[in-house]
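Sharing a structure here in structure tokens format.
The values are calculated or read from the model by the stated rules, or taken from the named source; none is laboratory data. Values in this document were obtained by computation on a predicted structure and should not be read as measured data. Don't worry about glycine lacking a Cβ; one is built from the backbone with ideal geometry, like all the others, and counts go over all protein chains shown. Accessible surface areas use protein heavy atoms only, side chains included; no ligands, DNA or RNA. Shrake-Rupley method; radii C 1.70, N 1.55, O 1.52, S 1.80 Å.
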Amino acid sequence: MLYTYIKIGFRNLTKNRFFSFINLIGMTLGLSCFILIAFYIQNELSYDMQHENADRIYRVSQIQSGNEFQGTDRFAVAPRPLAPTLKAQFPEVEAATTLTLDETLLKIKDQPFYAQGLFSDPYLFDVFTYPLIVGMAKEALKDPKSVIITTSLAKKYFGEASPLGKTILLEQDRLLTVKGVVEDLPKNQHFSFDYITSYENYRYYDESSSWSSNNYHAYIVLPEGYDYHLLNEKMDALDVYTTPAYAQFPFTAEYFLQPLKEIRLYSNINFELGPVSDIKYIYLAASIAIIILLLAFINYTNLAIARTSYRSKEVGLQKVLGAKKRQVINQFMAESFLLTSCSFILALALAFLFLPGFNALIGSEIPLSFDDKAPVVFIIIVIGIVLGVLSGIYPALLSSAINPAKALKGKWLNSKTGISLRNTLVVGQFAASVVLAISSIVVYQQLNYVNKKKLGYNKDQIVYVHYKQTDFYAKNNVIKEALLQHPQIKKVTLTNNIPTNTEDQTIIDQWEGNTGDQNIQIYRNYVDPDYLDVFEMELEAGRNFSSQFPTDSTESILLNEAAVKKLGWSTAVGKTFGGRKVIGMVKDFHFQPFKLKIEPVVIGFRSKLRSYYSNYIAIKLELNDLENTLNHVKGVLNTHIPGIPFDQRFMNESYDQLYRTEKQFGQVFNTFTLVALFIACIGLLGLVTQKVSERSKEIGVRKVLGASIANIVLLFTKDFMRLVLLAVIIAIPIGWWGMEKWLQDFAYRIEMNWTVFVLAALLGFGVAFITVGAQTLTTANKNPIQTLREE
Amino acid sequence: MLLELKNIFKWVNSGGQRIFLLKDINLSVEEGEFISVMGPSGSGKSTLLNVIGMLDTFDEGEYHFLDESVHTLKEKYRSNLYKEYIGFVFQSYHLLDDLTVYENLEMPLLYKKYKGTERKAMVGDMLDRFSIVGKKDLFPAQLSGGQQQLVGVARALIGKPKLILADEPTGNLNSQQSEEIMGLFKRLNEEDNVTIIQVTHSEKNAAYGSRIINLLDGRMI
């Protein structure tokens, strides 16, 4: 019997190819989206979970009340004494480690390259689980001359030979011996590295370890079942160290614990070790996934009900021939099941096929392997079966209730059946689509605004090189002159920060007019006199640094407008600030993403090496014959600093990187808008098809009485446009509210105007019109005598 | 002369064979005639009516309607022609269920671009003439079969056609209702000079007409 159900079900599906096809497409599309998003969520939730003690590991972070940096006063950093002190003072701390990350220059067999180093104390392995393949782990970290490398690094530079005992040159002055190899890390960790060595090899390591020098990160392990909030409070006792250490600062540090598994989604504070996400994206993704899945399955029901009207004769005949109600239901369920499983298999295949594209779209690194996804796939299968049954049961019950006598006469049980339900569904589908369309448009407009807004500096035709080699500094001027030899290179500047990446902040408490104990937090940059010219920044008042004024290098500074405003000055030139004389005021420029307001900046003259800060060469060049010019840059750097790989980057590309998340956000919305619109159209198509078939006689009558084809099409589209109008009315406030929330994150943003909503509404109307029009047109074109034929 | 059919053939191809639905039909109808088309099932009565009503095409022959050569006209002109001059009455009335009697009567006028006041006058006139003013706000389902067909005839007449085509107009009615409708047709034919062509199975109804055409297997006999 089951075989018969499936056989007949299969024939029914192939008989109505058009319906089966759009049904299959709609459901497959919805399911693939759902599966991909499920993978994404699973990946996000699995961050840092591979450590044995994952549930018990905590990061010790700090709040520096009053020290606001890039929008928050929370910092993921810790001083070096913190972890050992916690271990010593609090018995509940089972293990504690201090670590930090740094991108360093390595050299293996005369091959220089940059690699990410994890600098740590030996307790690293007491906290985290990094499976060792060969050699030793904890012991290796006790000896600063040892290094542990990852498998991929070993493979890349040592091949198949055992790397144990081989040497690696770190930063050109330290020879380290490979003592161990650990497995490569999964991608879903909040920080990653290529090798591990003792923190004594860290660039900024020094013997004395001050409590106010936050160059490290501290992680601890607490006992099973321990409430970490208890320790949070106990850590107030650390004031005895922090209070004296922060005596010279206008703020102090307070420590707090962050569970390891919450870092990826709940943290997002300053100086994270790697990119983090936000739980709100998980919620957003989950809602989109569920909505799309529901839309897809609702469609199935929708189309199935529509088809019931075509199939009433078949069902009537089955009943006359003795089919029981249950058997009719089984027949319909078999078809539903057949279609659901087909699209599920297709969707699963599609999901894996599209995974790389999806990764690129949302900037994730979900691995293509199947093993880790087995539990998710299982859950998806269960959901698929449940929804398959649910979506099939309603049309099945509906059909089984058909009165065979009426059905054989071609009259369906009741033309109103399920119509209000299905109208609601279509309104819901279109409302969702229009909300997504509104989001797409607003995100696009905001990004456009970000791209077009006057930045206050020029980011085009600028190539920059980031370097960390301290011996580089002495050769600065030679290199600058050598670079300028090339005819295509117009200007060169040496600076500590470029405008896309200003991270240096300081606190100043001396300035003209500051009588009390006021202080100002101000971003800081050190530049040479060509800086303003290269980036085409404008002076509002005063003058630039100049070689004609020898005292500039020791006595002068520039301030931006925001700084002058914050200080409450009407004019700045000639006044003193932080012990130096202000010689000019620079027009405000956006040195931080548009999410943050332009803040005060002080620009000093770069007269000595400040090893703690980054160093950049920025080159303004002509774009013709670019390759030649870039080769020249490479040549100059290689001549003066041999043996170091340099990375030349384009300023405008780095600028685009700043808004990558927003761009991805926009792309995701575009994609899902299309998917939702498509699914909504299928839903609409189902509704239209049924309406048209129910009213085919009416169409015939109207045509005989003189209606033109345009009259008929209009008659139907008008009805459906009402539904879309309702959807638009529902969607506009939701879209407005959601996007207003999103825009609130930006200090510089567009205001939504009515054109957004008109555009989104037009999109909804347009797509609906085409769908309804196309379907109605075929019926309207039919000769009325076919539909009016008397039985 | 109202219309003239000359050597009309209509066929379909089925299984490599040509099956004739209409075979060499020659018919001319004068204005004011009342013709009954009779014949067994499948003899081509409805097909002939559809061809005359320009709802269906034919494969061979000539059709002249009021000096227009229908067989050379394009679809658009054909539909303008029947819209203007022909009214249809159906066996199962084909009133629109969602519209009231008034709205059903008004519908053909909407497609002929009459102004609102004109429409009102014409519908009112028709309601008066058929004594169904009291039923104008009812829906078809609230009327008896006879009343529904009354509305159907009124709807066919409202555009002031020269020709009414009725396909078994009393097929769904009981004998008393049938007599009423046939009486109505007769009055229309005699008093208003409306040309009527009806398809019928019943000798009694056929007798209302002035001429009977018998069809068998697509041929006039």
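Exactly one condition in (1) within 30 Å of residue A:102 (Cβ to Cβ); (2) in a helix (DSSP H, G or I); (3) open to solvent by 10 Å² or more (accessible area, probe 1.4 Å) is not met by residue A:566; state its number.
(1)
Quick one: which residue in A:171, A:224 is under 27 Å from residue A:44 (Cβ atoms) and either open to solvent by 10 Å² or more (accessible area, probe 1.4 Å) or free of Cβ contacts under 8 Å to residues at least 24 places away in the same chain (or both)?
A:224
Against the condition without any contact (Cβ under 8 Å) to a residue 60 or more places away in the chain, farther than 24 Å from residue A:59 by Cα, outside any helix (DSSP H, G or I) and open to solvent by 10 Å² or more (accessible area, probe 1.4 Å), how does residue A:153 come out, does it pass?
no
Consider the stretch B:93-118. How many of its residues are closer than 17 Å to residue A:704 by Cβ and open to solvent by less than 40 Å² (accessible area, probe 1.4 Å)?
The total comes to 12.
A further question follows. Kindly establish whether residue A:714 is of a type in the set (A, V, I, L, M, F, W, C), more than 46 Å from the chain's Cα centre (by Cα) and within 14 Å of another protein chain (Cβ to nearest Cβ).
no
Where in the stretch A:16-128 are there helices (runs of 4 or more DSSP H), lying wholly inside it, with at least 1 residues that are in contact with a strand residue (DSSP E or B) (Cβ under 7 Å, 6 or more places away or on another chain) and either closer than 30 Å to residue A:213 by Cα or of a type outside the set (Asp, Glu) (or both)?
A:82-89, A:124-127
Sticking with this structure for a sec: Could you identify the single residue in A:471, A:517 that is farther than 27 Å from residue A:69 by Cβ, of a type in the set (Asp, Glu) and either without any contact (Cβ under 8 Å) to a residue 60 or more places away in the chain or open to solvent by 30 Å² or more (accessible area, probe 1.4 Å) (or both)?
Going through A:471, A:517 in turn, just one is farther than 27 Å from residue A:69 by Cβ, of a type in the set (Asp, Glu) and either without any contact (Cβ under 8 Å) to a residue 60 or more places away in the chain or open to solvent by 30 Å² or more (accessible area, probe 1.4 Å) (or both): A:471.
Which numbered condition in (1) closer than 30 Å to residue A:125 by Cα; (2) among the charged types (D, E, K, R); (3) open to solvent by less than 60 Å² (accessible area, probe 1.4 Å) is the only one that residue A:73 fails?
(1)
Take the residues in the stretch A:224-256 that are in a loop (DSSP other than H, G, I, E, B) and in contact with an Asp or Glu (Cβ under 9 Å, 6 or more places away or on another chain); name whichever of them is farthest from residue A:53 (Cα to Cα).
Top of the filtered list is A:250.
For residue A:11, only one of the following conditions fails: (1) farther than 30 Å from residue A:675 by Cα; (2) in the same structural domain as residue A:360 (by TED's automatic domain parsing). What is its number?
In the conditions (1) farther than 30 Å from residue A:675 by Cα; (2) in the same structural domain as residue A:360 (by TED's automatic domain parsing), residue A:11 misses (1) alone.
Tell me, yes or no, whether the stretch A:349-367 has at least one residue that is out of contact with any Leu (no Cβ under 8 Å at 6 or more places or on another chain) and among the charged types (D, E, K, R).
Yes - at least one qualifying residue is present in the stretch A:349-367.
OK, next. Could you identify the single residue in A:626, A:723, A:714, A:630 that is modelled with pLDDT of 85 or more and open to solvent by 70 Å² or more (accessible area, probe 1.4 Å)?
Just one listed residue meets the conditions, A:714.
If only one of A:701, A:688 is over 30 Å from residue A:109 (Cα atoms) and either within 14 Å of another protein chain (Cβ to nearest Cβ) or surrounded by fewer than 23 Cβ atoms within 10 Å (Cβ to Cβ) (or both), which one is it?
Sole residue among the options that is over 30 Å from residue A:109 (Cα atoms) and either within 14 Å of another protein chain (Cβ to nearest Cβ) or surrounded by fewer than 23 Cβ atoms within 10 Å (Cβ to Cβ) (or both): A:701.
Search the stretch B:14-71 for residues being among the charged types (D, E, K, R) and in contact with a helix residue (DSSP H, G or I) (Cβ under 7 Å, 6 or more places away or on another chain), and hand back the single one that is surrounded by the most Cβ atoms within 10 Å (Cβ to Cβ).
Checked the stretch B:14-71; the qualifying residue surrounded by the most Cβ atoms within 10 Å (Cβ to Cβ) is B:56.
Here's another thing I want to ask about it. From the list A:742, A:754, exactly one residue is more than 30 Å from residue A:588 (Cα to Cα) and away from chain B (no Cβ under 14 Å). Which is it?
Of A:742, A:754, the one residue that is more than 30 Å from residue A:588 (Cα to Cα) and away from chain B (no Cβ under 14 Å) is A:754.
Then there's this: Pick from A:291, A:305, A:345, A:381: which is assigned by TED's automatic domain parsing to the domain that holds residue A:37 and open to solvent by less than 50 Å² (accessible area, probe 1.4 Å)?
A:305
Same structure, new question: Would you confirm whether any residue within the stretch A:647-663 is within 14 Å of chain B (Cβ to nearest Cβ) and open to solvent by less than 20 Å² (accessible area, probe 1.4 Å)?
There is no residue in the stretch A:647-663 that is within 14 Å of chain B (Cβ to nearest Cβ) and open to solvent by less than 20 Å² (accessible area, probe 1.4 Å).
Does residue A:113 satisfy being farther than 20 Å from residue A:205 by Cβ and either in contact (Cβ under 8 Å) with a residue 12 or more places away in the chain or open to solvent by less than 10 Å² (accessible area, probe 1.4 Å) (or both)?
So residue A:113 fits the description; yes.
What are the pairs with Cβ atoms under 7 angstrom where one residue, in the stretch A:656-671, is over 17 Å from residue A:746 (Cα atoms) and the other, located anywhere, is open to solvent by 60 Å² or more (accessible area, probe 1.4 Å) and β-branched (Val, Ile, Thr)? Sequence gap at least six, or different chains.
Every condition considered, no pair remains.
Residues in the stretch A:49-83 that are of a type in the set (Phe, Trp, Tyr) and closer than 17 Å to residue A:99 by Cβ: how many?
2
Quick one: which of A:442, A:465, A:426 is outside the structural domain of residue A:622 (by TED's automatic domain parsing), crowded, with 17+ Cβ neighbours inside 10 Å and over 28 Å from the mean Cα position of the chain (by Cα)?
Criteria check complete, one pass: A:426.
Given (1) over 32 Å from the mean Cα position of the chain (by Cα); (2) at pLDDT 95 or above, where does residue A:59 come up short, assuming only one miss?
In the conditions (1) over 32 Å from the mean Cα position of the chain (by Cα); (2) at pLDDT 95 or above, residue A:59 misses (1) alone.
Now, a different point. For the stretch A:748-791, which residues satisfy the criterion of being surrounded by 15 or more Cβ atoms within 10 Å (Cβ to Cβ), assigned to a loop (DSSP other than H, G, I, E, B) and not basic (Lys, Arg)?
Scanning the stretch A:748-791 gives A:748, A:750, A:752.
Of the numbered conditions (1) assigned to a helix (DSSP H, G or I); (2) under 30 Å from residue A:169 (Cβ atoms); (3) touching an Asp or Glu at 6+ places or on another chain (Cβ under 9 Å), residue A:663 fails exactly one; give the number of that condition.
Unmet condition: (2).
List the residue pairs whose Cβ atoms are under 7 Å apart, where the first residue sits in the stretch A:770-791 and is under 14 Å from residue B:55 (Cα atoms) and in contact (Cβ under 8 Å) with a residue 12 or more places away in the chain, the second is in a loop (DSSP other than H, G, I, E, B) and open to solvent by less than 90 Å² (accessible area, probe 1.4 Å), and the two are 6 or more positions apart or on different chains.
These pairs meet every condition: A:784/B:55; A:785/B:55; A:785/B:56; A:788/B:90; A:788/B:94.
OK, next. Residue A:264 versus (1) touching a residue at least 12 places away in the same chain (Cβ under 8 Å); (2) surrounded by fewer than 16 Cβ atoms within 10 Å (Cβ to Cβ); (3) among the basic types (Lys, Arg); (4) closer than 30 Å to residue A:666 by Cβ: which is the lone unmet condition?
Residue A:264 satisfies every listed condition except (2).
Next question. Keeping to the stretch B:109-148, report how many residues are without any contact (Cβ under 8 Å) to a residue 12 or more places away in the chain and more than 14 Å from every other protein chain (Cβ to nearest Cβ).
13
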